[in-house]
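K.L.:
Sharing a structure with you now.
The values are calculated or read from the model by the stated rules, or taken from the named source; none is laboratory data. If you're wondering where the values come from, they're calculated on a predicted model, not measured in any experiment. Counting neighbours? That spans all protein chains shown, and the Cβs are built from the backbone with ideal geometry, glycine included.
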Amino acid sequence: MTAPTLPGLAPAATSPEDKAPVKQPRPGSRAARMLLPRSVDVLKELATDYGVCLRPIPMRRTDLDTGQTEVIDLPCGATREDKCLPCARRNRRLRQAQIREGWHREDEPLPGPEPATDDQKSLIVLRGHLEFERDTAARSARWDEVADLDEAIRELEEAITTEGLRGRVAPPHQSPDEEEAEAGPRRKRSTRRRQDAPELPRRKVEPRTVGKIYTAPDGSTYQPSMWLTLTLDSYGPVREDGTPLNPARYDYRRAAWDAVHFPRLLDRFWQNLRRCEGWNVQYAGCVEPQRRLAPHAHFAIRGTIPREALRTVAAATYHQVWWPSVDVQRYGVDRPPVWDEQAKSWVDPDTRIPLATWDEALDAIDEDPDAEPVHVVRFGAQVDARGVMPGTEDSERTLRYITKYITKHAADCHPTGTERQRAHLERLWRQLQVTPCTDRCANWLLYGVQPKKATGKLRPGRCKGKVHQRSSLGIGGRRILISRDWSGKTLSDHKADAREWVRALLGVTTDAAGADAEPGAAGPVPLRHAWEMARPTDRDVPPLAHRLLRSISERARWRSQLLSAKERAAAGSSPNLSATDRHTAATGEGDI
Ligand SMILES: [Zn+2]
Ligand SMILES: [Zn+2]
């Protein structure tokens with residue numbers, strides 16, 4: 001039985017291009033049909049072109065006054081392009097806007113007072129629904145779903161912030177290890193295990209965050225900023241393609257430990273730099289892998305710092321890891337210690353002797369006068385820094401360079417096309433799999449120590465910590481690092497700015513935008529809404545393809561309106577565009 005050919009499509013497949021010894025498939029055959037583009041692919045392609053989220057989360061909004069409901073799609077908010085390219089791109093544009101705005105600021109970004117309204121309770125309820133869903137997914141180990149919900153939660157929390165609520169609703173869901181790392185030391189440490197202070201001059205830190213202004217002989221002033229790259233040490237000589245000349249002598253273990261502890265080293269660097277320079281230096285940057293797969297970091301810095309000072313601080317900065325020794329791996333992943341349910345303890349599989357507990361292992365370090373940190377991370381000798389003038393093409397180019405890889409997983413930043421490159425990645429990953437990520441990591445069992453808060457669920461070599469995943473290359477923490485007083489705005493503020501700009505250009509007032517009307521102003525009474533998550537199977541939720549089509553149409557109309565508004569603006573003497581606005585206009589990628 002042959003499926004009927006769609007009327008009107010058949011001729012395209014048999015277009016009379018008789019240049020062919022190439023055999024044309026028989027019209028109407030399966031082969032001919034396979035040549036036609038699949039409409040669903042075209043739909044996704046178009047959605048991507050128009051910046052429409054490919055995996056929107058349907059939300060039901062009920063008008064509390066009229067009882068009318070409406071299903072509104074919330075963008076999935078993915079930051080990696082393998083999940084959702086449009087959302088990842090949108091996120092990168094916002095990050096670029098954020099970096100651009102903070103970089104060359106001339107005034108202090110004082111955080112403004114935030115309105116405290118209580119009309120947003122419904123959003124918090126929705127946040128509760130997501131929390132419930134996440135918990136349900138986590139209990140049944142549907143980890144993909146958990147990750148998706150985490151992104152939805154982040155997006156919603158941004159929406160909550162945009163709605164004018166201050167602070168977080170709840171602490172973010174991180175891997176337990178990250179939480180631990182950020183919470184800082186809870187255990188009292190002996191003086192010996194404290195970080196030694198680097199030998200650097202110390203000054204009192206002024207609250208100033210903007211750079212120095214220079215005056216030229218002709219009276220004109222300028223205020224340059226900087227760009228800085230910090231790199232880790234060498235683990236052995238590498239080829240052009242990033243692979244070691246001698247894999248057997250390349251120090252994979254140090255590479256793995258350095259990658260895992262790189263974020264702490266960066267934190268220390270900024271602390272030390274501020275103390276040494278005596279002002280509240282601000283930065284925005286990204287951590288990404290080099291071709292040799294070790295992390296490095298690019299930063300935009302507001303103001304200037306002598307290059308020599310940057311080098312001195314980098315050379316003097318280090319982070320000591322005071323953990324039990326990992327010199328001997330006492331157990332293999334295939335024959336690990338076993339859990340003794342009665343003793344609630346991990347024991348040797350043969351002797352049944354309990355392994356040292358975390359506290360016992362740390363006490364042993366305290367009592368040993370010759371104890372040394374199990375690992376010390378330092379920067380490599382390569383510290384690149386240069387000045388960047390505001391408003392130049394160089395400044396924009398550097399900005400693109402800094403954010404180049406933020407939509408990709410660490411392991412996808414550089415091609416691993418050759419066998420040699422794949423083998424290099426494989427060896428690093430194998431090392432990362434047995435490297436303890438935190439004091440709670442299951443891998444401690446391999447070294448004969450029970451991790452902190454050990455339970456019977458631990459699986460050495462299978463810890464879920466991000467640094468053990470192949471795609472992370474050991475870069476487990478945040479990849480984007482922005483200091484607190486950078487632009488004085490959160491990412492959602494920047495998102496709201498982009499919307500405002502589009503509205504202003506289109507001549508749409510906030511009043512007309514109804515639900516988003518500024519509360520408190522003497523304008524119309526703000527609408528009251530209740531939000532809830534809708535399920536894709538709910539009757540009032542149209543199929544995904546319908547929703548995508550609708551969003552594409554909306555975007556297409558909006559884009560053409562925006563284009564003509566821009567032309568009008570260019571022709572007439574209309575809106576005074578700031579640098580950011582001009583940039584938004586140039587990319588045509590406002591965010592609405
Ligand atoms: Zn999306
Ligand atoms: Zn781990």
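K.L.:
Can you tell me which of (1) touching a Ser or Thr at 6+ places or on another chain (Cβ under 8 Å); (2) without any contact (Cβ under 8 Å) to a residue 40 or more places away in the chain; (3) within 16 Å of ligand 2 (Cβ to nearest atom); (4) closer than 22 Å to T243 by Cα is the one R422 doesn't meet?
P.N.:
Result: R422 fails condition (3) only.
K.L.:
I'd like to know if the range 470-493 contains one or more residues that are basic (K, R) and within 13 Å of ligand 2 (Cβ to nearest atom).
P.N.:
No, because not a single residue in the range 470-493 is basic (K, R) and within 13 Å of ligand 2 (Cβ to nearest atom).
K.L.:
Further, regarding this structure: Looking for something over 30 Å from E308 (Cα atoms), buried (at least 16 other Cβ atoms within 10 Å of the Cβ) and in contact with a helix residue (DSSP H, G or I) (Cβ under 7 Å, 6 or more places away or on another chain) - is there at least one such residue anywhere in the range 399-408?
P.N.:
yes
K.L.:
Moving on to the next point. Report yes if G387 is under 21 Å from F299 (Cβ atoms) and more than 16 Å from ligand 1 (Cβ to nearest atom), otherwise no.
P.N.:
Judged against the criteria, G387 is a match.
K.L.:
Also, quick follow-up: Select from the range 54-96 the residues that are over 17 Å from D148 (Cα atoms) and without any contact (Cβ under 8 Å) to a residue 60 or more places away in the chain and write down the one among them that is nearest to ligand 2 (Cβ to nearest atom).
P.N.:
Restricting to residues being over 17 Å from D148 (Cα atoms) and without any contact (Cβ under 8 Å) to a residue 60 or more places away in the chain, the top hit is I72.
K.L.:
Within the range 487-498, is there a residue that is at pLDDT 90 or above and among the polar types (S, T, N, Q)?
P.N.:
no
K.L.:
Inspect the range 393-404 for any residue being over 30 Å from G211 (Cβ atoms) and free of Cβ contacts under 8 Å to residues at least 40 places away in the same chain and give the result as yes or no.
P.N.:
no
K.L.:
Further, regarding this structure: Could you please let me know if T407 is at pLDDT 90 or above and more than 16 Å from ligand 1 (Cβ to nearest atom)?
P.N.:
No; evaluated as a whole, the condition is false for this residue.
K.L.:
Just need a number here: residues in the range 99-126 that are modelled with pLDDT of 80 or more and either within 20 Å of A530 (Cα to Cα) or in a helix (DSSP H, G or I) (or both).
P.N.:
Result for the range 99-126: 5.
K.L.:
Taking the residues in the range 447-468 that are surrounded by 23 or more Cβ atoms within 10 Å (Cβ to Cβ) and hydrophobic (A, V, I, L, M, F, W, C) as candidates, determine which candidate is farthest from ligand 1 (Cβ to nearest atom).
P.N.:
So the residue we want is V449.
K.L.:
Does D516 count as surrounded by 12 or more Cβ atoms within 10 Å (Cβ to Cβ), over 28 Å from Q282 (Cβ atoms) and either at pLDDT 80 or above or not β-branched (V, I, T) (or both)?
P.N.:
yes
K.L.:
Of all residues being outside any loop (DSSP other than H, G, I, E, B) and surrounded by 17 or more Cβ atoms within 10 Å (Cβ to Cβ) in the range 49-58, which is nearest to the chain's Cα centre (by Cα)? Just the residue, please.
P.N.:
It comes out as I57.
K.L.:
Given the residues T403, T438, which is the only one that is within 16 Å of ligand 2 (Cβ to nearest atom), of a type in the set (S, T, Y) and at negative phi?
P.N.:
T438
K.L.:
Please indicate, with yes or no, whether at least one residue in the range 59-68 is within 16 Å of ligand 1 (Cβ to nearest atom), crowded, with 20+ Cβ neighbours inside 10 Å, modelled with pLDDT of 90 or more and over 30 Å from G387 (Cα atoms).
P.N.:
Scanning the range 59-68, I find no residue that is within 16 Å of ligand 1 (Cβ to nearest atom), crowded, with 20+ Cβ neighbours inside 10 Å, modelled with pLDDT of 90 or more and over 30 Å from G387 (Cα atoms), so the answer is no.
K.L.:
Out of all the residues in the range 285-296, which are under 19 Å from P415 (Cα atoms) and small (G, A, S)?
P.N.:
A294
K.L.:
Within the range 486-498, track down each residue that is closer than 23 Å to W279 by Cβ and surrounded by 19 or more Cβ atoms within 10 Å (Cβ to Cβ).
P.N.:
Matches in the range 486-498: W486, S487.
K.L.:
Which residue pairs have Cβ atoms under 6 Å apart, sit 6 or more places apart or on different chains, and have a first residue in the range 465-482 that is closer than 20 Å to F299 by Cα and a second that is within 16 Å of ligand 1 (Cβ to nearest atom)?
P.N.:
That search, which allows pairs on different chains as well, returns nothing.
For every residue, the table says whether it meets (1) at pLDDT 95 or above; (2) aromatic (F, W, Y); (3) over 26 Å from R422 (Cα atoms).
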{"site": "G167", "(1), (2), (3)": "no, no, yes"}
{"site": "D177", "(1), (2), (3)": "no, no, yes"}
{"site": "R186", "(1), (2), (3)": "no, no, yes"}
{"site": "L200", "(1), (2), (3)": "no, no, yes"}
{"site": "P207", "(1), (2), (3)": "no, no, yes"}
{"site": "Y222", "(1), (2), (3)": "no, yes, yes"}
{"site": "L230", "(1), (2), (3)": "yes, no, no"}
{"site": "Y235", "(1), (2), (3)": "yes, yes, no"}
{"site": "P244", "(1), (2), (3)": "yes, no, no"}
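K.L.:
Just to verify a result, which residue in the range 467-482, among those that are of a type in the set (A, V, I, L, M, F, W, C) and in a loop (DSSP other than H, G, I, E, B), is farthest from A423 (Cα to Cα)?
P.N.:
If we take residues in the range 467-482 being of a type in the set (A, V, I, L, M, F, W, C) and in a loop (DSSP other than H, G, I, E, B), then I475 is farthest from A423 (Cα to Cα).
K.L.:
Any residue at all in the range 79-86 that's touching a helix residue (DSSP H, G or I) at 6+ places or on another chain (Cβ under 7 Å) and near ligand 1 (Cβ under 9 Å from one of its atoms)?
P.N.:
yes
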